[in-house]
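Please treat every number below as a calculation from the coordinates, not as lab data. Source: prediction; values computed, not measured. Please note: Cβ atoms are built from the backbone with ideal geometry, for glycine as well, and neighbour counts cover all protein chains shown.
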Amino acid sequence: MLSIPHALTGAFIASKFPNPLVYVPLALAFHYLQDWMPHWDVGTGLSKGTRKKSTAFLLELVDLAITGTLIYGFWYGNVSPETYFHIWLGAFSGLLPDFIEAPRNFLRWEPAFIKPLNRFHHNFHHSIPDMWLGLAPQVILVVVIWLLR
């Protein structure tokens, strides 16, 4: 899944429950649930060699830039400064499994203590090659978050 829905989901949860003891585990749980749904993301094709790491990395930077812009646009000025901090922490929490996986994907570096986390994450991952079909549920989720925020 793109970073956008993962981060927006974590941010949304934190905006409704601004307690890290609540939103951090929920954001992590929703990350795995979202990855379980068939989806397309910028890393689709890396393991099969149909996408270069450099291309995926550049696309991920764009994805993260859009993510930050959307979080800012959705919540800045609409919540208290304290809640705004929690929104960013919730967004980070929603992305944490992907951040942990990134060194393996881009640098071929995976310390032994991280392997079980990445293996757990991989068990949920369900990428599909059809970009439009894989983006549709993500767009719907972003719209729903916009409407409910």
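Size descriptors for the chain (Cα atoms only): Rg and Dmax, in that order, 15.1, 46 Å.
Compute the Rg to Rh ratio over segment 1-59 from the alpha carbon atoms, using the Kirkwood formula for Rh, and round to two decimal places.
1.10
Here is how the number arises for the chain: DSSP H runs of 4 or more residues each give -39500 (n - 2.57), the sum is divided by the residue count, and the result at 222 nm is -25000 deg cm²/dmol. Give me the distance between the Cα centres of segment 56-79 and segment 36-54, rounded to whole Å. If we compute the Cα centre of each part, the gap is 20 Å. Couplings for segment 11-22, taken from phi via the Karplus curve 6.51 cos²θ - 1.76 cosθ + 1.60 with θ = phi - 60°, read 5, 4, 4, 5, 5, 8, 10, x, 10, x, 5, 9 Hz in order; Gly and Pro are left as x. Normalising the average separation of contacting C-alpha pairs (under 8 angstrom, six or more residues apart) by the number of residues puts the relative contact order of segment 3-148 at 44 percent. As a rough guide to protection, the peptides 118-127, 84-93 ranked by mean Cβ packing within 10 Å, highest first, stand as 84-93, 118-127.
The phi torsions of segment 104-118, fed into the Karplus equation with coefficients 6.51, -1.76 and 1.60 and a -60° offset, translate into couplings of 5, 5, 9, 10, 6, 10, 9, x, 4, 6, 8, 3, x, 5, 5 Hz, rounded to whole numbers, with Gly and Pro shown as x.
Could you order the peptides 28-36, 106-114 from most to least packed, using the average number of other C-beta atoms within 10 Å per residue? Spell out each step's value before the answer.
Values: 28-36: 16.8, 106-114: 10.3.
The most tightly packed comes first, giving 28-36, 106-114.
Give the angle, between 0 and 90 degrees and rounded to the nearest 10, that separates the Cα long axis of helix 53-75 from the longest principal axis of the Cα atoms of the chain. The angle comes out near 10 degrees.
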